[in-house]
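Only the coordinates and a few stated rules stand behind these numbers; no lab work does. Computed from a predicted model, the values in this text were never measured in an experiment. Cβ placement follows ideal geometry from the backbone for every residue including glycine, while neighbour counts extend to all protein chains displayed.
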Ligand SMILES: *Cc1c(COP(=O)(O)O)cnc(C)c1O
């Protein structure tokens with residue numbers, strides 16, 4: 001069987017990579033130029049043995065891999081890899097199903113339907129909502145806002161799918177000052193232009209008084225969407241949903257929530273209070289490849305009103321309300337054909353269970369706390385945010401922040417993101433990998449101490 005050798009080689013390379021992750025340097029040792037030299041050259045005239053091709057990849061790529069699986073990788077917001085999700089992801093590739101069609105692909109349709117229902121239960125979102133599996137929170141934001149655009153225009157009698165946006169009533173969109181850039185990107189895809197920006201507080205939460213003022217500026221009855229946030233990239237802070245959602249709904253707004261990593265606070269009794277009231281919104285975006293630690297790529301688009309999302313995403317516009325059943329997966333996401341990326345979510349939730357997910361999210365937050373506590377007493381280092389969740393934002397005195405960050409990532413010991421927050425250079429630490437141990441926390445604190453000392457501290 002020609003497959004056998006290829007799969008054996010792939011397994012061997014994958015095992016070597018996974019087994020080496022805890023001690024392998026966190027940063028890549030080779031850059032793109034070196035990788036181009038390894039893999040480039042002219043288009044091959046003749047083919048090669050498939051097993052040899054897999055070997056070429058398995059050996060050649062390693063110097064250029066970012067070790068996201070390391071327990072000391074804290075860059076951007078990137079989750080690790082749960083074993084069950086990895087195994088499931090391999091099967092998804094081996095099965096090679098087109099997950100857009102329900103009745104034709106019963107196994108993956110059922111697995112994704114169950115995964116979607118489990119997510120609604122775990123995050124305590126409306127059980128009647130539609131769940132779609134997309135590539136990430138970017139497309140989940142797009143999906144929720146597309147459903148919202150359809151709905152708010154439909155309410156004023158404008159059929160955006162038939163008549164487009166030219167000549168349509170203006171759709172007012174209000175966003176927080178510290179929203180993720182992909183919200184603006186989604187609005188751009190949707191032809192809605194730049195949003196109205198509502199001021200945020202020192203932790204990056206939308207200011208309720210500023211929202212009230214912005215809402216008052218929108219003429220009565222005009223189409224309106226408000227985009228809130230669960231989990232600020234820099235601080236981990238959550239918007240105050242009960243107050244903000246009620247104020248927005250009072251004005252007839254569609255409320256969308258970007259909860260790429262923060263929505264998972266609701267999976268644990270200890271942290272659920274952070275995202276209290278978020279269930280009253282109309283649509284939600286989250287990621288499975290961040291806090292849940294499912295393999296790339298996997299985002300989740302949740303929309304309360306199936307008619308709105310299926311009208312926006314179904315192949316046949318103007319969905320009939322009485323036709324709403326389980327629906328085809330392609331009616332809930334932008335793609336028609338796609339991989340069954342919800343199956344690794346099913347496997348992750350099956351392997352962790354409710355208590356396992358809660359414990360995982362708790363541990364991420366505890367380790368963020370541990371890092372913040374370790375940094376708090378360090379001369380020259382300032383923790384800038386209230387560490388309520390998985391994000392820690394720090395600065396180093398005497399303008400040494402970026403230098404310290406570069407030294408840290410250059411050391412191979414840890415990886416953190418250099419960033420700007422509220423007009424300051426910062427180093428952002430995102431604890432998003434279930435593999436991070438208490439020992440990793442100690443080593444991380446020690447690495448920061450050494451880097452600060454090395455930069456003249
Ligand atoms: C990561 C992130 C996104 C974008 O998600 P992708 O999975 O990269 O598409 C959007 N919003 C927030 C708050 C994020 O952290």
On full extension of the chain, what length is gained from residue 159 through residue 181, given 0.36 nm per residue of separation minus the C-alpha to C-alpha distance?
5.1 nm
Let me know the volume per residue of the alpha-carbon convex hull for segment 4-68, in Å³.
75
Computed from every Cα-Cα pair in segment 200-292, P(r) in 10 Å bins starting at 0 and rounded to whole percents is 17, 49, 27, 7, 0
Using every Cα-Cα pair within segment 1-121, state what percent have a distance larger than 22 Å.
54
Once you have the Cα-Cα distance between residue 37 and residue 270, take 0.36 nm times their residue separation minus that, and quote the gain in nm to one decimal.
78.9 nm
One finds, for residue 52 and residue 110 with R0 = 25 angstrom and r their Cβ-Cβ distance, a FRET efficiency to the nearest 0.05 of 0.10
Once you order the gyration tensor axes a ≥ b ≥ c over the Cα atoms, which shape class does segment 257-307 get: rounded for a/c under 1.5, otherwise prolate or oblate by comparing a/b with b/c?
oblate
Neighbour counts of other C-beta atoms within 10 Å: give me 432, 337, 283 arranged from fewest to most.
337, 432, 283
Once the piece of chain linking residue 7 and residue 446 is laid out straight, how much longer is it, given 0.36 nm per residue of separation minus the C-alpha distance between them?
154.0 nm
Kirkwood Rh, angstrom, segment 361-457 [1 / mean 1/r, Cα pairs]:
13.1
Sequence gap at least 6, Cα distance under 8 Å: using those rules, report the relative contact order of segment 384-431 to the nearest whole percent.
40
Take 114, 77, 309 and order them by how many other Cβ atoms sit within 10 Å, fewest up front.
114, 77, 309
Evaluate the Kirkwood expression for the hydrodynamic radius of segment 87-348, namely the inverse of the mean inverse distance over all pairs of different C-alpha atoms, and round to one decimal in Å.
18.4
Ordering of 117-130, 217-230, 16-29 by burial proxy (mean other Cβ atoms within 10 Å per residue, highest first):
217-230, 117-130, 16-29
Please report the orientation-averaged projected area of segment 103-142, defined via the convex hull of its C-alpha atoms, in nm².
3.4
Find the relative contact order for the chain and round it to a whole percent, using C-alpha pairs within less than 8 Å whose residues are 6+ positions apart.
22
Residues 305, 287, 250, 154, sorted so that the one with the fewest Cβ neighbours within 10 Å comes first
250, 154, 305, 287
To the nearest 0.05, how large is the calculated FRET efficiency for residue 243 and residue 197 if R₀ is 25 Å and r is the Cβ-Cβ distance?
0.85
Alpha-carbon spread of segment 374-418, three principal axes, descending order, Å:
28, 24, 17
Debye sum, Cα scatterers, segment 241-330, no solvent: what log₁₀ I/I(0) at q = 0.18, 0.22 1/Å?
-0.94, -1.12
Report P(r) for the chain: all Cα-Cα distances, bin width 20 Å, range 0 to the bin holding the largest distance, values in whole percent.
24, 53, 23, 1
How large is the Kirkwood hydrodynamic radius of segment 78-183, counting all unique pairs of alpha carbons, in Å?
17.1
